[in-house]
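**Q** Before we start, here is the structure in question, set down as structure tokens.
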Amino acid sequence: MTVTVYVPRDASALSLGAGEVADAIAKEASARGIDLRLIRNGSRGAFWLEPLVEVVTPKGRVGYGPVAAADVPGLFAADFLNGAQHPLALGIVDEIPWFATQQRLTFARVGIVDPTSVADYVANNGYQGLRRALAMTQQEIVQAILDSGLRGRGGAAFPTGIKWKTVLEQPTDQKYITCNADEGDSGTFSDRMLMEGDPLALVEGMTIAGIAVGATQGYIYLRAEYPHAYRALNEAIQAAYQARYLGNDVMGSGKRFDLEVRMGAGAYVCGEETSMLESLEGKRGEIRVRPPLPAIKGLFGQPTIVNNVMTLGTVPVILHRGAEFYKNFGQGKSRGTLPLQLAGNIKRGGLVERAFGVSLRELLYDYGGGSATGRPIRTVQVGGPLGAYIPASQFDVAIDYEALASIGALLGHGGVVVFDDTVDMARMARYALEFCALESCGKCTPCRIGSTRGVEVIDRILGGVETERNLRQLEELCEVMLQGSLCGLGGMTPFPVSSALKHFREDFRSRTRH
Ligand SMILES: Cc1cc2nc3c(=O)[nH]c(=O)nc-3n(C[C@H](O)[C@H](O)[C@H](O)COP(=O)(O)O)c2cc1C
Ligand code: SF4
């Protein structure tokens, strides 16, 4: 009898030796004359268990992890192919509380399926959303997205349905669907994991968007640092063309949708949508002045949807299960679920998908298990390098766009980076300004000059020079950058700096003059 074994091909698992583990399993099986089907899946997102090897048994998929290549002969000797006991055995993976308590909608298939197999995708509810969409009018599809309450997951949380409606209403022949897969925020990896673990979800989401607004061409703008996602996406796109889910007759509907992946060249600012469009057009990644909005005049001057990977990857489940189903998750104006990413100084780092409303504390301690060092968590930065620092006294805040905004923070792309009580917050503030100076596109003065001057001011504070006067100057500079910058890079850099000043002022004042 053939035994099926899963070993992830996800970049995080590969960096921990999943490739060597897969080779060792194939070699050992061949030496023992065992008929083994080895599937390279995406990661389930529990990074501390990677490489997580799963064996299909009559009771379900039994997990072993973290597995090293050297463990493989012992696993065979212990009869792991029948789900036997072993020091690395984790039991039925779906029953581990860390997985069982999650609400995976966008990530429902990640880690479960063979990422580039259309047959496996279809067997796990894939292409049900597109099937439904093809039976609807364009207005009905857009209305379903509006009704679902889906908001852009790239950072700005703009209602996706409104963006789609604007593009639908433009009376031009050529429109584009672009997917922002630049994922430049520190501590974020959900886009990468979906593209590596379930790329067809993104392909299907983009196809639905194309059918909805009348666009026949899509581009995925992928950051250069994601070679594994590049390979997975291209394999998935090729498979979708072969199975006629892409091309000039999508699912026999007579409708066309073509899709290509384009690699970026590694600039944080190219994640900003207008800069991304410039880069897609082959130009230097520099911000465009708005208006006009990309929905009216975007790629090559045509109406264009720019959506994040998570946004487009969530569209299929909304069309398949219905707007009401999706909307029933979440709270307030934050509807649905969010794949949150836990990184930094955390014991159990990884991806947790939960409905909006879960508290930051639950995330950090119930899922994350506290800091990796075992020391108290002093602060977390939520929403990337331009997100605010949240102190431990505010960890009961709900993960929801409005709740975070009410404490001066933002959710961004859902990345949570954890710091213990040894962190120096004056240095973290300096880092934010230094990052901005390095990544600034240079188009506007508050960001281009302000970030460099900001680093100089903090250096004086760090040196204990005229601390109070320089603190005032830093606050004034933050206000100028906040009010005067042309885009979010300069405009949001003040968030980490101001939040560090507000909650951890003692770190700026305790400097000795030298
Ligand atoms: C400096 C900067 C960097 C950004 N980086 C990203 C990114 O890497 N990925 C992304 O989807 N959105 C990023 N955004 C947000 C995009 O401008 C845009 O709002 C988003 O792609 C729209 O898609 P959504 O509505 O699905 O979120 C960035 C914005 C700024 C100001
Ligand atoms: S804020 Fe910075 S990145 Fe944005 S347009 Fe101005 S200089 Fe460019």
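The values are calculated or read from the model by the stated rules, or taken from the named source; none is laboratory data. On a predicted model such as this, the values are computed, not experimentally measured, just so you know. So basically every Cβ, Gly included, is an ideal-geometry build from the backbone, and we count neighbours across all protein chains shown. When the accessible area is computed, the model is the full protein with side chains, heavy atoms only, and any ligands, DNA or RNA have been set aside. Shrake-Rupley method; radii C 1.70, N 1.55, O 1.52, S 1.80 Å.
**Q** Towards the positive end of the charge dipole of the range 184-274, with charges on Cβ (+1 Lys, Arg; -1 Asp, Glu), say which of A201, Y245, Y219 has the farthest Cα.
**A** Y245
**Q** Same structure, new question: Less than 28 Å apart at the alpha-carbon level, and either on another chain or at least 8 residues along: which lysines does that give for K27?
**A** Candidates past the 8-residue exclusion: K59.
**Q** Using +1 on the beta carbon of Lys and Arg, -1 on that of Asp and Glu, and nothing else charged, what's the dipole of the range 1-101 about the Cα centre, debye to 20?
**A** 180
**Q** Beta carbons within 10 angstrom, averaged per residue: use that to sort the peptides 44-55, 203-214, 167-178, highest first.
**A** Result, highest mean Cβ count within 10 Å first: 203-214, 44-55, 167-178.
**Q** For D35 and A265 in the same chain, what is the full-extension length gain: residue separation times 0.36 nm, less their Cα-Cα distance, in nm?
**A** Here the answer is 78.5 nm.
**Q** Using a 1.4 Å probe, what is the accessible area per residue for the range 119-196, in Å²?
**A** Each residue of the range 119-196 exposes 38 Å² on average to a 1.4 Å probe.
**Q** Assigning unit charges at the beta carbon (Lys, Arg +1; Asp, Glu -1) and nothing else, what dipole magnitude in debye, to the nearest 20, does the range 99-188 show about its Cα centre?
**A** 220
**Q** Taking Rh as the Kirkwood radius, which is the inverse of the mean 1/r over Cα pairs, what is the Rg/Rh value for the chain?
**A** 0.99
**Q** Pulled fully out, how much extra length does the chain show between Y365 and T57, if you take 0.36 nm times their separation in residues and subtract their Cα-Cα distance?
**A** Roughly 107.7 nm would be gained on extension.
**Q** Cα to Cα, under 12 Å, and not fewer than 8 places away if on the same chain: which aspartates and glutamates meet these conditions relative to K347?
**A** Hits, sequence-local ones excluded: D366, D420.
**Q** Here's a follow-up. Going down the table (K297/K327; K327/K502; K255/K297; K163/K333), which pairs top 27 Å between alpha carbons?
**A** K297/K327; K327/K502
**Q** Accessible area, 1.4 Å probe, largest first: how do D421, D396 sort?
**A** Per-residue accessible area, sorted high to low, gives D396, D421.
**Q** PRE reach from A392 (point 7 Å along Cα→Cβ): which of the range 407-435 fall under 20 Å by backbone N?
**A** Within reach of a label on A392, which here means backbone N under 20 Å from a point 7 Å along Cα→Cβ, the range 407-435 contributes 416-429.
**Q** Can you tell me the dipole magnitude for the range 403-514 around its Cα centre, using point charges on the Cβ only (Lys, Arg +1; Asp, Glu -1), in Debye to the nearest 20?
**A** 260
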